[in-house]
Amino acid sequence: MDSSRRAVLGGAVAAFLTLGSGTAAATTAKTTRHKRVLIATNEPWGTYHVKPLLTEAARLGVHITQLVPDYSQVKPGDPVPVTALADAPRADLLVVNGAEAWPADCARHFRRLPVIASSLAYLQPVEAPRAKEFRHRLRLLTASSPAEARSFRKYFGTQRNIRVVGSPQTDNLPTRAPEKDRVLVITSVTRPDGTGNSAPGTELLLAAAGNLAAAGKRILVGLHPRENRELWERYEISDVPTLQASARAEAAIGIPGTVFPFVAAVGTPLVGCTDPKLTVPGYLRAVCSSTIDDAALAVSAVDHAHLPDEAVLEDSVGPIGGSARRLLRSWAC
């Protein structure tokens, strides 16, 4: 990402910290009062949403434990501490990233804990069926960007202010160094599992990648943590997370998801593969140079890909730098 883009987005901290009220100074001045935090996510075993918080949490002395239904899908060596409900340690706060079955069950189980809702991944701007069960208990709602905040507000069926804190994923954005003809293919999840849902469009994306490779593009795959690796083994699969891998690419193409705005923040233009059955918030499409529903259009779309304007980036990305700290301090309310 060039220095001007980093300056513009980083400078948006004060303006975007709270959608509707609040200032950056108010948040950063707080101490982290809640030291023992339980987190329940819409993807119960999906610790990849919590992992970016660990380093800053350790600095602040915040102990984070993710709640899981059981230990059957816990991966050996995963750095995120996890616990089943029956084994949960004493805690000061429950954080949920949504209101699907698992977070709602956890909120019902921990009836006496204060609850904060923090959006850690994109959600549809439609009220979740179980949001009404515990939204009256929410001390605070946070999101990474103004655009995500608007979706999160609708998802929880509330008119309350959403505090915009940025995404911990953007705290250490890579320096862009694109390689000639390198195209990053950003996957989603082909089939749902016990951890979470899937997104349609894998066949379209596979066909698009094939056309790009045939045109001489060097494919690098940014694999979603729950995607079937075997589908993509004909290509180079990045050994670093998708956001870091995007710095190597002249352009990226994929199924729009949470990482899309952050890839744009790196400075890599995006093309969205949008199957007719795909439903995602508008801001994920807005950061794309174009969207395609026909693999035959992939080569031209990638060749002509460009970044969105700064206003779209600010709205979709939110403040950059210090986001993990802002998020953790917001839990002190």
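Every number in this text was worked out from the coordinates using simple rules, so none of it is lab data. Just so we're clear, the structure is a prediction, and the values are computed from it rather than from any experiment. Backbone-built Cβ (ideal geometry, glycine too); neighbour counts: all protein chains shown.
Taking the chain as a Gaussian network, Cα atoms linked when under 10 Å apart, which of Pro79, Pro308, Pro174 shows the biggest mean-square fluctuation?
Looking only at Pro79, Pro308, Pro174, the largest GNM fluctuation is found for Pro79.
State the answer as a single residue: which of Leu60, Thr47, Leu94 lies farthest towards the positive end of the charge dipole of the stretch 33-94, with beta carbon charges of +1 for Lys and Arg and -1 for Asp and Glu, about the Cα centre.
Leu60
Can you give me the C-alpha center-to-center distance between the stretch 117-141 and the stretch 51-89, rounded to a whole angstrom?
About 21 Å separates the Cα centre of the stretch 117-141 from the one of the stretch 51-89.
Quick check on the chain: helices-only [θ] at 222 nm, where DSSP H runs of length 4 and up contribute -39,500 (n - 2.57) each and the sum goes over total residues. Nearest 500, please.
Computed mean residue ellipticity for the chain: -7500 deg cm²/dmol.
About the Cα centre, and with charges only on the beta carbon of Lys, Arg (+1) and Asp, Glu (-1), how big is the dipole of the stretch 81-205? Nearest 20 debye, please.
Approximately 660 debye in magnitude.
At a threshold of 8 angstrom on Cα-Cα distance, excluding pairs fewer than six apart, so keeping six or more, what relative contact order does the chain reach in percent?
Answer for the chain is 22 percent.
In percent, what relative contact order does the stretch 105-227 have, based on Cα pairs under 8 Å that are 6 or more apart in sequence?
So the answer I get is 20 percent.
Under a 5 Å amide H to amide H cut-off, with H placed in plane at 1.01 Å, what residues pair with Ile39 once short-range neighbours are removed?
Thr65, Gln66, Leu67, Val95
Students often get this wrong, so try it: which of (1) 22.9; (2) 20.7; (3) 20.2 is Kirkwood radius over Cα pairs in Å as calculated from the structure shown?
(3)
Arrange the following residues from fewest to most other Cβ atoms within 10 Å of their Cβ: Glu43, Glu233, Glu227.
Glu233, Glu227, Glu43
Normalising by the residue count of the stretch 182-315, find the relative contact order in percent from Cα pairs under 8 Å and 6+ residues apart.
26
Ranking Leu231, Leu120, Leu38 by Cβ neighbours within 10 Å, fewest first, what do you get?
Leu231, Leu38, Leu120
Run down the aspartates and glutamates and flag those whose C-alpha is under 20 Å from the C-alpha of Lys180, throwing out any fewer than 8 positions away in its chain.
By straight Cα distance, Lys180 reaches Asp2, Glu236, Asp239, Glu250, Asp303.
Starting from the stretch 33-80, pick out the trypsin sites (Lys or Arg not before Pro) whose DSSP state is loop and whose Cβ has at most 14 other Cβ atoms within 10 Å.
Arg33
What is the distance in Å between the Cα centres of the stretch 211-230 and the stretch 242-274?
Comparing the Cα centres of the stretch 211-230 and the stretch 242-274, I get a distance of 13 Å.
Past 29 Å, Cα to Cα: identify those pairs from Lys51/Lys277; Lys51/Lys217; Lys132/Lys277, in the order given.
Check vs 29 Å cut-off fails for Lys51/Lys277; Lys51/Lys217.
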